[in-house]
Amino acid sequence: MSNEFVKKLASLSAAEEFFGFFQVPFEQQIVNVNRLHILKRFHQYLRNSHMPVTMPEDEMFTLCKGHLEHAYQDFVTSTPAQEKVFKVFQDVDGTQHFSMDKLRQTLPTHG
């Protein structure tokens, strides 16, 4: 990847900045609910694409744009619990389970 392109990407932080940079249309409501999931999935797609270091910047831009569009579409048609991008959804299908003993241990003691 070219250093200049990497610097441009590194300067982006908000999901809306990525969508603006890559000129990907989006619905604000979808991004409001799924921003971290979309960016995490985008990163996963980038990591798995194994872009050659020598790839021309315009090809990198096109590839990255496609990955961002794909990540966004994942959450247009699905939910975070179904996509399981984050560990909490992978481990227990998005639910937490506590034993009664564990709950009792958290109660204040009266002494």
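Quick rundown of the values:
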item: Count of the stretch 17-56 residues which are surrounded by 14 or more Cβ atoms within 10 Å (Cβ to Cβ) and among the charged types (D, E, K, R); result: 3
item: Residue list for the stretch 3-61, restricted to those being polar (S, T, N, Q) and in a helix (DSSP H, G or I); result: Asn3, Gln28, Gln29, Asn32, Asn34, Gln44, Asn48, Ser49
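Readers should treat all values here as calculations from the given coordinates under stated rules, not as data from a laboratory. This is a predicted model, so every value here is computed, not measured. Don't worry about glycine lacking a Cβ; one is built from the backbone with ideal geometry, like all the others, and counts go over all protein chains shown.
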